[in-house]
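First comes the structure, then the notes that go with it.
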Amino acid sequence: MNASIEPQTGLPLAPFPSDGPPPSRRIASAASAQQLVALLWQANESRSLRNAAIQGQLDGNPPYSPTKMRAAGRAGDPNFNTLEASALLDTALVPYHDLFSGDRHYTRIITNMGEGEDKVTMSRIISEEVDRTLSRWKNFDFQMQQMQRDFVAFGRGYLAWDNEASWRFRKVAQHRVMVPDSSEIDLDRFEGPLVILHKWPVSALWSMVRDKAHAREVGWNVNEVMKAIALAIPTDPATPMDPIGVQQQLKDNDLYVSAKSSTVQTATIYMKEFSGKWSEYMVVRERAENAKETPGWLLERPDKYDSLMEVITPFFLRVLDGSWNGTTGLGRDIFVPMQLKDRLACSQANAAFLRSSLVLQPSQALDKSRLNLLQVGSVTWVPEGVNVLQSSILGDIESTIVVSRELSNTIERNTGIYRPSIERQTKGNPATLGEFEIRSASAAALSSSTINWFYSQLDRLYEQLVTRLVKAGLSGGENQEWSKEAKLFVERCEEKGVPRAALKDLESVKAWRTIGNGSAITRQQTLNSFLSLYPMLPEDGRVNLLEDIVGASGSQAQVERYVRTSDQEDLPSDQLDWALLENAAMKIGAPITWTPTQNNLIHASTHLQAGSAAMASIEQGANPVEVLAFVDAIGAHTAIHLQKEAANPMSKQALNQLEQQWSDLAKLADQLRKMLEAQQQEQQGNQQQQQKQVTETDLKQQQVMADVETSRMKAGELIKLKKERQDADIALKAQKQMADLQIKAYGESAKANQPSK
């Protein structure tokens with residue numbers, strides 16, 4: 001493919017054709033890439049010179065050129081840097097470093113897996129383990145501070161990944177990153193090219209292609225790399241270059257060869273293709289003057305990345321007009337007035353020297369040898385014929401002081417984005433040291449918009465870092481420190497109950513937002529104001545508040561010294577008393593709850609001991625029904641402690657023992673439950689039998705009583721009938737007697753009335 005010029009940028013990039021398919025590559029060849037790098041370097045030359053001057057001022061370079069001062073015969077005049085610019089930069093860096101590391105947490109991660117408390121717990125564990133991993137990386141804070149220094153001083157800072165598999169980034173100096181002038185800081189619209197300049201020690205570049213098969217597999221052009229290394233290694237001019245010999249030298253002692261060789265200067269170009277993917281190319285920065293061959297790619301990875309964020313994360317201090325190269329920082333804002341202040345300071349010093357010097361005037365022509373002064377202790381002897389005059393060479397120090405003060409005001413106004421100006425006290429007593437420290441620290445606070453802009457960029461960094469960390473931990477990969485740390489991260493998450501699926505499916509990765517707007521004093525005051533809410537907070541909220549207050553007042557390293565954090569074991573005595581009170585509550589059936597501040601191991605052990613003792617008390621006559629109710633309550637509550645403690649890998653052995661005790665107690669409780677159920681069934685059967693027997697006896701008794709009653713009734717009827725019969729017999733007899741008497745009487749009467757014969 002032949003190189004072409006893109007009309008919009010004037011760079012050797014293939015434009016989108018008016019007809020036909022788009023080209024697969026926008027950079028046609030390594031030669032086009034070298035041309036592109038040269039054009040970007042030329043366009044960036046003025047900015048590089050300006051930034052070099054700014055860096056010199058920050059580094060302490062004097063305001064005047066020493067060479068020019070000597071040429072003008074002023075080598076002895078004051079020429080010094082007040083280092084006020086460097087001090088201003090250090091002050092401006094404070095709030096940004098506080099935003100990044102002012103809390104004990106770095107990230108806040110949420111997984112998509114799970115619901116409710118399970119989701120919250122897994123997200124917390126992942127965040128904590130990411131924080132732990134970052135804290136174990138010794139260069140993490142160093143790389144961030146280096147980036148922030150460029151970020152504040154020049155308006156942009158860069159963090160990049162050299163290894164596509166590693167989660168550890170490195171700071172890239174701002175002057176080694178180049179983009180076209182038309183580039184926007186809106187990364188969704190930015191299409192490249194982005195160029196990173198790099199100086200390779202021979203040994204470092206050699207390590208990339210030492211394993212030739214692997215090097216070719218990942219995109220390295222081994223032959224071109226060896227050519228570049230050969231050109232960097234000094235050789236005998238009489239001896240032609242021997243590529244095989246160069247390789248042998250590197251194999252024998254690559255560090256020695258690297259030490260005596262020049263660096264290989266390369267340019268890595270990242271370009272968004274028309275496919276939507278980003279390609280990565282590397283070329284030697286400049287073609288050698290005596291090179292006859294067409295340059296080739298050192299590294300060639302077309303359509304390698306989905307996003308530029310997989311390679312580099314830029315940080316921009318201010319948005320301004322949205323232009324990448326238009327962003328500026330503190331260095332440019334203060335350069336001119338600070339240079340004038342340094343020159344005025346030199347002028348003031350020179351004037352002070354003149355004012356304090358001794359002015360002599362010869363009364364007659366004298367040669368220079370006779371003008372020498374003689375000093376003996378505190379006494380100065382003036383040669384004869386020389387008059388001492390009152391100094392008439394008075395430097396105008398007052399005017400320089402006024403101008404310097406006005407320049408300070410200008411600088412203060414220009415640096416408002418970095419720190420609000422400290423209000424000067426013009427009346428009353430001078431501020432105390434404490435008051436001054438508070439006002440100074442408060443002056444380092446940033447605006448909300450500035451903070452949100454910084455955090456949005458930090459979010460992008462952490463999102464890519466965590467993605468790489470999870471991928472490296474799950475895939476295994478290289479046997480390097482970063483790979484081992486990634487594996488350990490995954491293992492710790494799994495030990496605490498977070499499955500791999502939860503690590504693969506993350507909802508969001510955000511930077512932890514600190515309190516105080518970048519000011520430690522403001523954070524401390526804000527946290528202290530929360531103390532009024534302390535009684536209304538849940539237990540874990542109280543612990544968190546105390547931890548934050550201690551961390552804000554001292555340092556995060558002192559938190560564990562003064563506050564028993566949630567991942568520390570509480571004092572056994574306190575926890576034991578708490579657990580014993582819960583045992584007493586469960587005996588009477590009172591409800592109890594689990595809290596995050598409870599020591600799960602102590603509570604579980606205390607509860608299980610009480611349950612075992614209760615089971616043993618049955619043999620001494622304890623009510624088995626009450627014992628079973630108590631053991632069931634203990635079992636349910638202890639299960640919560642065991643579940644919560646399962647997230648702590650440090651107590652795995654103790655947890656296994658407690659789980660076994662819990663299982664044994666559960667088996668005893670089941671046996672007791674079955675025994676009580678059997679007894680209950682037996683009692684119910686006996687009661688039914690007894691009821692049946694009682695029923696049959698009652699029926700018999702009732703039948704006997706009925707029979708007795710019947711007999712009684714029958715006897716009564718018989719007696720009554722007999723009596724009635726007796727009464728009837730008596731009555732019949734009486735009637736018969738009466739009838740007999742009547743008959744007898746009638747007979748006697750008739751006989752009496754019968755006529756006598």
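With 30 Å as the limit, write out which pairs from 212/304; 138/227; 510/644; 68/199 have Cα-Cα distances beyond it, or answer none. Over 30 Å Cα-Cα: 138/227; 68/199.
Put simply, when 27-39, 117-129 are sorted by average Cβ atoms within 10 angstrom per residue, most first, you get 27-39, 117-129. Each of the peptides 173-184, 589-600, 516-527 was scored by the mean count of other Cβ atoms within 10 Å over its residues; in descending order, highest first, they stand as 516-527, 173-184, 589-600. Relative protection proxy for 608-614, 265-271, from highest mean packing down: 265-271, 608-614 (other beta-carbon atoms within 10 angstrom).
Rule-based calculations on the coordinates, nothing more; no lab input. In this text, all values refer to a predicted model and were calculated from it rather than measured experimentally. Cβ atoms come from the backbone with ideal geometry, glycine included; neighbour counts cover every protein chain shown.
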